[in-house]
1. Hey, can you tell me all the residues within region 145-185 that are in a loop (DSSP other than H, G, I, E, B) and under 18 Å from residue 61 (Cβ atoms)?
2. I'd like the full set of residues that are under 17 Å from the mean Cα position of the chain (by Cα), within 18 Å of residue 370 (Cβ to Cβ) and surrounded by fewer than 24 Cβ atoms within 10 Å (Cβ to Cβ), limited to region 254-288.
3. From the residues in region 282-292 that are among the β-branched types (Val, Ile, Thr) and under 25 Å from residue 193 (Cα atoms), which one is farthest from the ligand (Cβ to nearest atom)?
4. Can you give me the ranges of the strands (runs of 3 or more DSSP E) entirely in region 195-281 with at least 1 residues that are of a type in the set (Val, Ile, Thr) and within 9 Å of the ligand (Cβ to nearest atom)?
5. If you go through region 81-100 one residue at a time, do you hit one that is aliphatic (A, V, I, L, M) and at pLDDT below 90?
6. In region 400-429, what count of residues is obtained for those that are at pLDDT 95 or above and crowded, with 17+ Cβ neighbours inside 10 Å?
7. Among (1) within 15 Å of the ligand (Cβ to nearest atom); (2) at pLDDT 95 or above; (3) within 12 Å of residue 204 (Cβ to Cβ), where does residue 297 come up short?
Amino acid sequence: MPHFEPTRYNVCMRKNPTRDELLEILKTHLLSPDFSRATFAGATRGSATAWVRIVVRPVELRGQRYVQLAYHSAKKVVTKNFLAGEIDEPLVELLRIGFAAIHISTRMEEIDIRTSRKGRVHIGRHRMAEPRASDEQSHNRVKDVPLPEGEADHLLEVMGIATAEGRIRPSMRAKFTQINEFLKQLRHVLPDTHLDRLGRPVEILDCGCGASYLTLAAHYYLNEKLGIPARVLGVDINDDVIRKSLERAEQIAAGGVNFACGRIGTTETPTDIVLALHACDTATDDAIAHAVRTGAKLLLCVPCCHHHLNRALSRDAGGGMLRPLLRHGILLQRTADLVTEAFRALALRIMGYRTEVVEFVATEHTPRNLMIRAVRTAEPPGNREAICEYYNFKRFWNVTPYIESALGEAFQGLVRREDSEEFPTAKLP
Ligand SMILES: C[S@@+](CC[C@H](N)C(=O)[O-])C[C@H]1O[C@@H](n2cnc3c(N)ncnc32)[C@H](O)[C@@H]1O
C-alpha cells in the first residue's frame, strides 16, 4: 500500500484548506498503515445526500488491503471496498457532500476536521501520549479470528452482533465467539476436503439456521475472506426466523444466500457442506442424515439439547453396573449426551466418514460446545469394525438411538447384518 509522508500532510496544516488539500490530508491518513477508523457525520454543507454517516476503515480481503466505506442511511448500510489506487473518486465525492464533522483515528493521533456554518474549516490534532498497538500487532492478535471485531462491521451490525460503531454488543459476545470458532473449524478442515478448489461454488446447507448468524458469516467468510466462491442455504422450521434472515440477507445484499422454511431433510438441493449449530435435539440427527443422504463431503455440527436418549436410557444399563452414575438426574443427562454423540460419530464412521469429536469453543461461551467434524472418505459404507463397535455399544446401553431411524434403511441394513455370526460380540458383565 502506498504510504504518504507526513510532510505532505503538514503542508495543509492551516485553517481553511482547499478541497484538494483536504483530499491530500484524508489520503495521507486513510492509506497510512497506522490508520484505524474515520467517521464522516453531522450536518452536510455540500450536495444533498441520503447518507447520514459514513464510516471508513482498513480491511484485509483475500490477502489485500482495502479501504472500506460504509454508507449509513436511515434505513440501510451499503459497504464498498476500494484499493489504494481507487480511493480518490469516493473521497472527492465525500468531500462534495461536505459533512461538518470528520474524525480520523490513527495509531498516533486523533484528527478532527470541522466545517462551520460559514464554511470555515478547522483542523485539530491530538497526539497520543503513547502510540496505540500497531495495526501489525493488533493484526497478529486477530489474524487468527475469521471475523475480527472492527471488520465486516456492516455484516455484524445487520446481524445485531455489533453496534453501529463497530463494537460487539456485550450480550452478543458469546454468539460472536461461537461463530468465529465455528468458522475456524471450517477453515481448518477445508483443505482436506478439496472443496476449496472445486472450480464451481461450494454448496452449503445450514440446518436449523435460526436468525442466520452462522449462515451469513459462513457466506461472507468463504467468499470475501478466503476467496472461495460459496452459496449458502439456511433451513429452519420456524418461519419467523426465516423472515428475519431474508431481511438480513437483503440488507447485506449478499448474492448466493437463500433461506427455506421447513424441516431439515426436506430440501433436495445438492450439498457439499452441511453445518448445524445447536440444532435442537434430534434435528442434529436429521442434519447428519441429510449430509449422508446427499453425499456431502463435509459435516460440521454442534449438537444442542438431547432429549431422546435422556428419556430412553435405563438406570439399569450396563447390567446395573452403572447405577451409581445413572441414579442422579444430572449425571444421567450428561451420560445420555455423551452416549448420543458417540452413537452419532460411530454411525458416521459406518457411513464412510472420517469423524472426530472436538471441543470447538470454551464452555464459558456455551456449555453445548462439542462439535462433530466428519469428512467423507473414499471408503464405502459398512466398515466392519465400526459396525461391530456399534452393535456392542447398543447392546451395552440397551437403546436404539434416533440416528438409526434418521439414517433409515441404508444404515439399518448395515447394522442389522450384525445378527449374523459374522462379528464377534463383546461380553457383557
Ligand atoms: C437453538 S436454535 C440455533 C439457531 C442457529 N443455528 C444459531 O446457532 O444461532 C435452533 C434452531 O433449530 C430450528 N429447528 C429445530 N428443529 C428443526 C428441524 N427439525 N428442522 C428445521 N429447523 C429446526 C429451530 O427453529 C431453531 O431456530
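The values are calculated or read from the model by the stated rules, or taken from the named source; none is laboratory data. These figures come from a predicted structure and were not determined experimentally. Glycine also receives a Cβ, built like all others from the backbone with ideal geometry; neighbour counts cover every protein chain displayed.
1. Residues satisfying the conditions are 145, 146, 147, 148, 149, 150, 151, 152, 166.
2. 278, the sole residue that qualifies.
3. 292
4. Values: elements: 202-207, 230-236, 257-261, 273-277.
Correct list: 230-236.
5. So in region 81-100, the residues aliphatic (A, V, I, L, M) come out as 83-84, 87, 91-92, 94-95, 97, 100.
Then drop every residue that is not at pLDDT below 90, which leaves none.
Taking every residue of region 81-100 in turn, none turns out to be aliphatic (A, V, I, L, M) and at pLDDT below 90.
6. Matching residues across region 400-429 total 7.
7. In the conditions (1) within 15 Å of the ligand (Cβ to nearest atom); (2) at pLDDT 95 or above; (3) within 12 Å of residue 204 (Cβ to Cβ), residue 297 misses (1) alone.
Residue by residue, here is whether (1) in the same structural domain as residue 222 (by TED's automatic domain parsing); (2) in a loop (DSSP other than H, G, I, E, B); (3) farther than 15 Å from residue 165 by Cα holds:
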{"residue": "28", "(1), (2), (3)": "no, no, yes"}
{"residue": "32", "(1), (2), (3)": "no, yes, yes"}
{"residue": "50", "(1), (2), (3)": "no, yes, yes"}
{"residue": "79", "(1), (2), (3)": "no, no, no"}
{"residue": "95", "(1), (2), (3)": "no, no, yes"}
